[in-house]
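Working notes for the structure below.
What follows is calculated from the coordinates using simple rules that are stated; it is not laboratory data. Everything quoted here is computed from the prediction, not taken from an experiment. With ideal geometry, Cβ positions are generated from the backbone for all residues, glycine too; neighbour counts draw on all protein chains shown.
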Amino acid sequence: MKKIMAVNAGSSSLKFQLLAMPEEITITEGIVERIGLQDAYYTIVINGDKEKQVLPVKDHAVAVDIVLNDLINKGIIKSLEEISGVGHRIVQGGGSFDKSVLIDEDVVAEITRLCDLAPLHNPAHLIGIKAFREALPNVKQVAVFDTAFHQTMSKEAYMYAVPYEWYEKYGIRKYGAHGTSHQYVALEAAKLEGKPIEDLKIVTLHLGNGASISAIKGGKCIDTSMGLTPLEGIPMGTRSGNIDPTVVEYICNKENLSVSEVLDALNKKSGYLGVSGVSNDSRDLEKCMYEGNERCKLALDIQYKRIADYIGSYYVYLGGIDVIVFTAGIGENSERCRSEVLRRISVLGVELDEEANKVRGKAQLITKPTSKIRAYLIPTNEEIVIARDTLKLISQ
Ligand code: AMP
């Protein structure tokens, strides 16, 4: 058994999970939030019990030290040598990485070069990598890219119909996101179906605060809804998803805003939040909708319609669909979301089993035996993909 640390470093946070591999058992998990502040939060979960502390955390290096020392102090590991590998989630691997890789200076340089495409995420991942490399200099580190799973898309699927030089000079194309999640739930779906993934046509719906949809044929991604950045695709908690790009110039002129300010609004003040004016949280929207708030209902309906549009288009592109998977915060928890989406694609022969759909957070088939497409709820687990890839690469 090897102990692998799966890490997701954000600009002011450090999420971690220590897993026993290949058993895929979570030993402990936690998060340091508000890094850089005197009153940062450190939470660790041990045997299902959450312990939370408020303490000063100057930077990511301090956060890593706090976590590693705590693992020893709490007796979770006896020494740091027990950690065999560290896997880092990296949001943007561009066209350079179609699989996970061991981190060396070249990999760090390439992730740095790609910061342009993910200015909020890649710099934070680099800080996390640096902090763990310093704390555990003899431990191999692995980069696991959110974009890698989507690298199997064909050029007709990933290219935008814009001047070709933009692609050649600047790499303007679709890269997608949430790849580890789409890959994980597709593999789980194949297990539940009792069939090799090579024989299946799957549409995976990762519906969380960020949301994306993938078309997966024979285990390979052939299309996905997110693009150059996570702004493309369906409306999300605070992101607009697809809009006519001329809206940007129009609003710049009317409201006297810069392009960055309008893009900020499309990323942070749109989607559920923008349409409802209430919240970016689907629980709040569902509650207010039942209380009669029309804009909350509209915010949800716009999203469900767009999800159905994508499924319809992927049905054609895949040449049929065997399985649809709902995952992430909303997909795993909102009975209404699953039911509304499947109702909107009933023309494809999908028959929801309403009783089976009354489920939350556990893998389950939610369609009737007569349904032409089987739909599942499958909880995602990106950390397992990170730990699997890390184990594979450190063992080579
Ligand atoms: P994630 O980004 O995957 O953590 O998902 C966050 C989203 O999941 C938020 O919009 C939450 O409102 C949503 N969510 C969590 N629990 C529920 C629930 N019980 N019903 C509806 N949405 C939920």
Loop only by DSSP, 15 or fewer other Cβ within 10 Å of the Cβ. Give me the GluC sites (Glu not before Pro) in region 224-328 that pass, ordered by residue number. 291
For the chain, set up a Gaussian network in which alpha carbons nearer than 10 Å are linked by springs, and say which option among 373, 76, 251 fluctuates the most. 251
Straight distance only, please: which aspartates and glutamates reach the Cα of residue 155 with their own Cα at less than 14 Å, same-chain residues fewer than 8 apart left out? 168, 223
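Grab the DSSP H runs of the chain that are 4 residues or longer, score each as -39,500 (n - 2.57), total them, divide by all residues and round the 222 nm result to the nearest 500 deg cm²/dmol.
Taken over the chain, the calculation gives -11500 deg cm²/dmol.
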Distance in nm between pseudo-label sites at residue 258 and residue 370 (7 Å out along the Cβ direction from Cα): 6.0 nm
Taking the Cα centre of each part, how many Å lie between region 209-268 and region 158-188? 13 Å
Can you give the FRET efficiency for residue 51 and residue 165, using 1/(1 + (r/R0)^6), R0 = 51 Å, r = Cβ-Cβ distance, to the nearest 0.05? 0.40
For the chain, modelled as a GNM with alpha-carbon contacts under 10 angstrom, which of 292, 227, 95 fluctuates the most? 292
Given the chain, longest segment not containing exposed loop trypsin sites (Lys or Arg not before Pro) (DSSP; at most 16 other Cβ within 10 Å): 100-268
Inter-centroid distance (Cα atoms) of region 14-34 relative to region 56-101, Å: 9 Å
For a test of the definition: using alpha carbon positions, the gyration tensor, and the 1.5 limit on a/c, classify region 308-372 as rounded, prolate or oblate. prolate
Can you give me the long-range amide H partners of residue 351? Hydrogens built in the peptide plane at 1.01 Å from N, cutoff under 5 Å, separation of 5 or more residues or another chain. 368, 371, 372, 373
Taking the chain as a whole, which cysteines find no other cysteine Cβ under 4.7 angstrom from their Cβ? 115, 221, 252, 337
